[in-house]
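Worksheet for the structure shown next.
The values are calculated or read from the model by the stated rules, or taken from the named source; none is laboratory data. The model shown is predicted, which means the values in this text are computed figures rather than measured ones. Using ideal geometry, Cβ is built from the backbone for each residue, glycine included, and neighbour counts are taken over all protein chains shown.
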């Protein structure tokens, strides 16, 4: 049973997806449904192993290309609509015991190209207004399958956070004539202390307004709105800085570092060119020390105001020391 | 009319789409021009996840 219910208090849509209660939860070793099916083994979701990256429809989606009718009727107070959209899984590797951070930079380069392809195809669907590429990494952020993978949600509306960012970017451009993210990147580079890494095309930093101790943003230096705007060199540079940041995360506490990675691109709703918007990637790592997690508690969950127990000005230098050069083989 | 996404010919990337028994699509991406990696595993590159550090969750 799945539908979109409107929350009139916040002006937001909520998806119900009761079938997800039955999804596979931390299966024992040897029974990963995302590993390739082995001869004589139990049938997994992936029938072949000869690939670099795989994309497929989520078996337990909260949004469907052909959704059923809502189980409840829409009212004036409570609008309801079918949960139309697409939920994809992106497998980074056929190998189970690895992570995105452990991949060579060439694999990240391939992933950037696949992300771009999926954004193009899903964004072109008439009912898709926003393509959200993300990864939940680690049980600390709710991962139920350890096989290295990310996800894509193609929404039938522009989700609240993207809408809020876009509105703030538009206001800034109307007020100053400049791009907000371009100004943020320039300020972080000028100040310097919160910078983590950079190359010709991208800058990584823990922003002035970070909500998590190691919240890291990777922003394009050139003003562009989506992966589809990247040049070939920018694709390589994005792969390189992703590799540097991900590998440094693992070095922070000598663990496979949990995080949420979210790609912020322009909507695909056909409502303009979104020239005021600016492509960037945000990481929300839940760990505030090697043994302590940051939770969304009263102020964050109830009021929407985050409290960061640390300063970006002290965390960024600590993180920056762990950045290492990237070695390309191609 | 929906705006078309800007597209660019992806040199070197090949994709093959299949339909699974339950009707879902699956797309295999390969890059013949880029050597397959030796796919390092965690045991070669670093530790496993923090096993939730569940007992150490402190707000």
Self-check item: The one condition in (1) in contact with a strand residue (DSSP E or B) (Cβ under 7 Å, 6 or more places away or on another chain); (2) at pLDDT below 95; (3) within 7 Å of chain B (Cβ to nearest Cβ) that residue A:110 fails to fulfil
Solution: (2)
Quiz item: With respect to residue A:63, is the statement that it is more than 9 Å from every other protein chain (Cβ to nearest Cβ) and under 20 Å from the mean Cα position of the chain (by Cα) true?
Solution: yes
Quiz item: Just wondering, is there one or more residues in segment A:264-273 that are in a strand (DSSP E or B), touching a strand residue (DSSP E or B) at 6+ places or on another chain (Cβ under 7 Å) and touching a residue at least 60 places away in the same chain (Cβ under 8 Å)?
Solution: yes
Practice problem: For segment A:9-19, state whether one or more residues are without any contact (Cβ under 8 Å) to a residue 24 or more places away in the chain, more than 11 Å from chain B (Cβ to nearest Cβ) and touching a strand residue (DSSP E or B) at 6+ places or on another chain (Cβ under 8 Å). | Solution: yes
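One line per residue, one yes/no per condition, for (1) touching a helix residue (DSSP H, G or I) at 6+ places or on another chain (Cβ under 7 Å); (2) within 19 Å of residue A:131 (Cβ to Cβ); (3) surrounded by 23 or more Cβ atoms within 10 Å (Cβ to Cβ):
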| residue | (1), (2), (3) |
| --- | --- |
| A:243 | yes, no, yes |
| A:248 | yes, no, no |
| A:264 | yes, yes, no |
| A:268 | yes, yes, yes |
| A:273 | no, yes, no |
| A:281 | no, yes, no |
| A:288 | no, no, no |
| A:293 | yes, no, no |
| A:297 | no, no, no |
Quiz item: Among A:45, A:57, A:3, A:12, which is the only one that is more than 19 Å from residue A:128 (Cα to Cα) and surrounded by 13 or more Cβ atoms within 10 Å (Cβ to Cβ)?
Solution: A:45
Self-check item: Residue check, residue A:163 surrounded by fewer than 20 Cβ atoms within 10 Å (Cβ to Cβ), within 28 Å of residue A:14 (Cα to Cα) and either modelled with pLDDT of 95 or more or out of contact with any helix residue (DSSP H, G or I) (no Cβ under 6 Å at 6 or more places or on another chain) (or both)
Solution: yes
Quiz item: Can you name the residue in segment A:301-317 that is closer than 20 Å to residue A:259 by Cβ, free of Cβ contacts under 8 Å to residues at least 60 places away in the same chain and in a helix (DSSP H, G or I) and, of all such residues, is farthest from the other protein chains (Cβ to nearest Cβ)?
Solution: A:314
Self-check item: Failed item, numbered, when residue A:127 is tested on (1) more than 7 Å from chain B (Cβ to nearest Cβ); (2) touching a helix residue (DSSP H, G or I) at 6+ places or on another chain (Cβ under 8 Å); (3) part of a loop (DSSP other than H, G, I, E, B)
Solution: (2)
Exercise. Looking only at segment A:9-40, count how many residues are closer than 22 Å to residue B:23 by Cα and assigned to a loop (DSSP other than H, G, I, E, B).
Key: 8
Practice problem: State yes or no: is residue A:77 surrounded by fewer than 17 Cβ atoms within 10 Å (Cβ to Cβ), away from every other protein chain (no Cβ under 14 Å) and without any contact (Cβ under 8 Å) to a residue 60 or more places away in the chain? | Solution: no
Quiz item: Looking at (1) within 30 Å of residue A:257 (Cα to Cα); (2) surrounded by fewer than 20 Cβ atoms within 10 Å (Cβ to Cβ); (3) within 14 Å of chain B (Cβ to nearest Cβ), which is the only condition residue A:121 fails?
Solution: (1)
Quiz item: Only one residue in A:132, A:119 is in a strand (DSSP E or B) and closer than 20 Å to residue A:160 by Cα. Which one?
Solution: A:132
Practice problem: Give the residue, chosen from A:150, A:138, that is more than 11 Å from every other protein chain (Cβ to nearest Cβ), buried (at least 22 other Cβ atoms within 10 Å of the Cβ) and within 20 Å of residue A:98 (Cβ to Cβ). | Solution: A:150
Practice problem: Report whether or not residue A:224 is surrounded by fewer than 17 Cβ atoms within 10 Å (Cβ to Cβ) and either more than 26 Å from residue A:88 (Cβ to Cβ) or more than 16 Å from the chain's Cα centre (by Cα) (or both). | Solution: no
Quiz item: Given the residues A:92, A:155, which is the only one that is in contact with a strand residue (DSSP E or B) (Cβ under 9 Å, 6 or more places away or on another chain) and away from chain B (no Cβ under 12 Å)?
Solution: A:155
Quiz item: In segment A:224-233, which residues are assigned to a helix (DSSP H, G or I), under 13 Å from residue A:280 (Cβ atoms) and out of contact with any helix residue (DSSP H, G or I) (no Cβ under 9 Å at 6 or more places or on another chain)?
Solution: A:229
